[in-house]
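The values are calculated or read from the model by the stated rules, or taken from the named source; none is laboratory data. Because the structure is predicted, anything quoted here is derived from the model rather than measured. Cβ coordinates were reconstructed from backbone atoms using ideal geometry, including for glycine residues, and neighbour counts include every protein chain displayed. Keep in mind that these areas ignore ligands, DNA and RNA; they rest on the heavy atoms of the full protein, side chains included. Shrake-Rupley method; radii C 1.70, N 1.55, O 1.52, S 1.80 Å.
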Amino acid sequence: MNSREAALKVLYDVDVNSAYINSSFNSIVNETELDLKDKALLSEIVYGVIKNKLKIDYVIKSFSKVKLKKISPWVLNILRSGIYQILFLERIPDSAACNECVKLAKKYSNKGGVGFVNGLLRSVSRSKDEIQFPEYKDGVIEYFSVKYSFPEWLVKKLIVQYGEEKAERFMAESNTAHGTDVRVNTLKTTLKELSQIFSEKDIKHTISEKAQNIITVNANINLTMLCEYKEGLFSLQNSSSKRAIDVLAPRTGDFVIDLCAAPGGKSCAAAELMENKGEILSFDLYEHKKALIENSANRLGIDIIKVGVGDASYLNNDLIKKADRVIVDAPCSGIGVIHKKPDIKWKRNEEDISELKDIQLRILNNAAEYVKPGGVLLYSTCTVLKEENEDNIREFLNNNTSFIVEHEEQILTDKAGESGFYICKMVMKG
């Protein structure tokens with residue numbers, strides 16, 4: 001199986017079986033014996049197609065007499081793969097893209113499908129410079145939707161909430177590859193020492209200005225394969241996520257509750273700031289996710305984290321008024337991390353937002369019960385939608401007058417490394 005066939009299988013899995021892109025991609029990589037060059041092409045096609053799916057489908061509709069929903073899923077995803085290569089990958093000759101897609105059609109379709117793929121892709125290749133995409137003057141929503149391949153409901157919501165300029169920048173940066181942020185484990189090393197190690201290994205990186213002890217790596221490398229990762233010198237954590245813990249500012253000896261903890265990044269970041277002194281109760285809804293948190297803590301040399309299974313939307317009477325700090329990294333739409341999970345654009349719909357808002361508020365109201373007088377409640381999400389963020393906090397504060405906001409910020413995604421992230425630190429009056 002070559003990289004293009006592997007890409008087709010992932011695209012089909014995501015499209016037809018609603019698989020998560022990262023999970024499906026990793027599965028196919030483990031099944032195949034592709035070299036680094038082929039893995040790079042596999043990644044480029046899969047993430048490129050899903051990132052630009054709406055724009056690619058617009059092109060297919062412009063050239064096809066057959067409606068999109070009438071095209072077989074195998075053929076449709078072969079076309080998407082081919083058009084992505086023709087329109088977005090200059091280093092691949094159009095003829096090679098067409099020929100390889102025809103080969104796939106011969107294996108995954110019939111004679112009619114082969115002719116359809118061949119004819120449409122060669123037409124796109126001949127006319128690619130004359131494709132008429134929507135123009136701004138014809139309607140801003142459709143223009144941005146096709147240009148950045150965002151669903152129209154989300155384009156409209158972003159423009160209403162942030163204005164055209166910020167909304168466009170967010171969409172553009174969500175389609176841009178970001179660096180990989182790593183959090184230095186200060187229990188085992190220092191920012192300076194880890195930076196020196198990366199330099200000696202010729203790993204391009206910069207010191208982040210967005211959060212404490214974060215290094216942004218700008219290299220195509222599997223950091224989890226490094227011995228320094230296995231020895232617990234660092235973890236993978238986006239600077240926006242780490243900034244939330246910097247804002248929380250847990251102290252040595254604190255009792256901290258993390259209600260939606262898996263995979264454990266915030267719990268471990270808090271433990272490092274606490275110098276591994278105190279106690280952290282980390283809960284997650286699912287039993288199988290306990291191991292993710294426990295394994296991270298063990299690798300990092302952290303022993304103050306106790307992991308439990310619990311539904312944060314139900315009140316735990318044993319914890320009322322016990323915690324110095326409570327972390328609510330709430331389940332959310334994930335709109336802020338489209339840059340690394342582009343399938344979110346197609347998995348989410350507008351109706352999801354109100355359902356998520358209800359869940360978030362239930363968790364937040366329960367979390368408030370666990371905070372001691374004078375304690376801190378941290379609410380964070382990896383989304384930029386105000387219904388899930390500011391609106392939730394305003395409603396929460398109206399019903400919980402004993403809390404005051406000490407810090408609030410909405411981070412929009414940034415190609416320097418940040419994800420779209422909301423952070424609100426509230427203090428309970430003593």
Next item on the list: On a C-alpha basis, how far is the centre of the range 114-157 from the centre of the range 72-112 in Å? Whole number, if you could?
Entry: 17
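Carbon and sulfur: what percent of the chain's accessible surface (1.4 Å probe)?
Working: 9290 of 19660 Å².
Summing carbon and sulfur atoms, their accessible area is 47 percent of the total for the chain.
Given C-alpha coordinates of the range 18-79, what is the ratio Rg to Rh with the Kirkwood estimate of Rh? Display every interim value, and only then the final one.
Values: Rg = 13.7 Å, Rh = 13.2 Å.
Rg/Rh: 1.04.
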Check: What is the local net charge at M428, summed over the other residues whose Cβ is closer than 12 Å to its Cβ (Lys, Arg +1; Asp, Glu -1)?
Finding: +2
Margin query: Give the lysines whose C-alpha is closer than 17 Å to that of K67, dropping any in the same chain fewer than 8 places away, or say none.
Written below: K53, K55
Margin query: At 0.36 nm per residue, and after removing the present C-alpha to C-alpha distance, how many nm does the segment from K201 to V309 gain when stretched out fully?
Written below: 34.9 nm
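For a 19 Å ceiling on Cα separation, which of these pairs sit above it: K192/K266; K386/K425; K290/K386?
Details: K192/K266 22 Å; K386/K425 16 Å; K290/K386 31 Å.
In this structure, K192/K266; K290/K386 lie more than 19 Å apart at Cα.
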Next item on the list: Please tell me which of these pairs span more than 26 angstrom C-alpha to C-alpha: K289/K357; K37/K210; K277/K340; K242/K277; K201/K341; K51/K111?
Entry: K37/K210; K277/K340; K201/K341; K51/K111
Notebook entry, point to check: Cα centroid distance between the range 1-20 and the range 318-376, in Å?
Noted result: 31
Checklist line | Separation of alpha-carbon centers, the range 281-312 and the range 204-220, rounded to whole Å | finding: 26
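Could you rank the peptides 381-387, 285-291 by their average count of other C-beta atoms within 10 Å per residue, with the highest value first?
Details: 381-387: 23.9, 285-291: 13.1.
Those peptides, ordered most packed to least, come out 381-387, 285-291.
Compute the projected area of the convex hull of the Cα atoms of the chain, averaged over all viewing directions, and report it in nm² to one decimal place.
21.7
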Checklist line | Sequence ranges 225-232, 245-252, 92-99, ranked by mean other-Cβ count within 10 angstrom, highest first | finding: 245-252, 92-99, 225-232
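Cβ under 13 Å from K53's Cβ, K53 left aside: what net charge do those residues give with Lys, Arg +1 and Asp, Glu -1?
Working: positive: K51, K55, K61, R80, K345, K347; negative: D15, D57, D343.
My count for the surroundings of K53 gives +3.
State in Å² the accessible area per residue of the range 68-122; use a 1.4 Å probe, count heavy atoms of protein chains only, and round to the nearest integer. Can you show the working numbers first?
Values: 2600 Å² over 55 residues.
Counting only protein heavy atoms, the per-residue value for the range 68-122 is 47 Å².
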Item checked: Within the range 124-153, backbone nitrogen closer than 15 Å to the virtual label 7 Å beyond the Cα of F88 toward Cβ -> 146-151
Next item on the list: Please give the helix 53-63 orientation as an angle from the longest Cα principal axis of the chain, in degrees from 0 to 90, rounded to the nearest 10.
Entry: 20
Notebook entry, point to check: With a Cα-only, solvent-free Debye model of the range 297-356, what are the log10 I(q)/I(0) values at q = 0.13, 0.17, 0.22, 0.24 Å⁻¹?
Noted result: -0.63, -0.89, -1.00, -1.04
Notebook entry, point to check: Expressed as cubic angstrom per residue, what is the convex hull volume of the alpha carbon set of the range 1-117?
Noted result: 99
Next item on the list: Could you calculate the contour length gain from E387 to S18, that is, 0.36 nm times the residue separation minus the distance between their Cα atoms, to one decimal place in nm?
Entry: 130.3 nm
Note to self: Keeping every protein chain present and rolling a 1.4 Å probe, give me the accessible area per residue for the range 211-347 in Å².
What the structure shows: 40
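Please tell me the relative contact order of the range 155-239 in percent, rounded to the nearest whole number, where contacts are Cα pairs under 8 Å and at least six residues apart. Display every interim value, and only then the final one.
Working: 97 pairs, mean separation 28.4, N = 85.
Across the range 155-239, relative contact order equals 33 percent.
Would you mind calculating the relative contact order of the chain from Cα pairs under 8 angstrom and at least 6 residues apart, reporting the percent as a whole number? Before the final figure, lay out each step's value.
Details: 752 pairs, mean separation 53.3, N = 430.
Rounded, it is 12 percent for the chain.
Probe of 1.4 angstrom, ligands and nucleic acids ignored: what's the accessible area per residue over the range 350-391, in square angstrom?
Working: 1400 Å² over 42 residues.
Here the residues of the range 350-391 average 33 Å² of exposed surface.
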Checklist line | Rounded to whole Hz, the Karplus (6.51, -1.76, 1.60) HN-Hα couplings of the range 379-391, x for glycine and proline | finding: 10, 9, 9, 9, 10, 10, 7, 5, 4, 8, 10, 4, 4
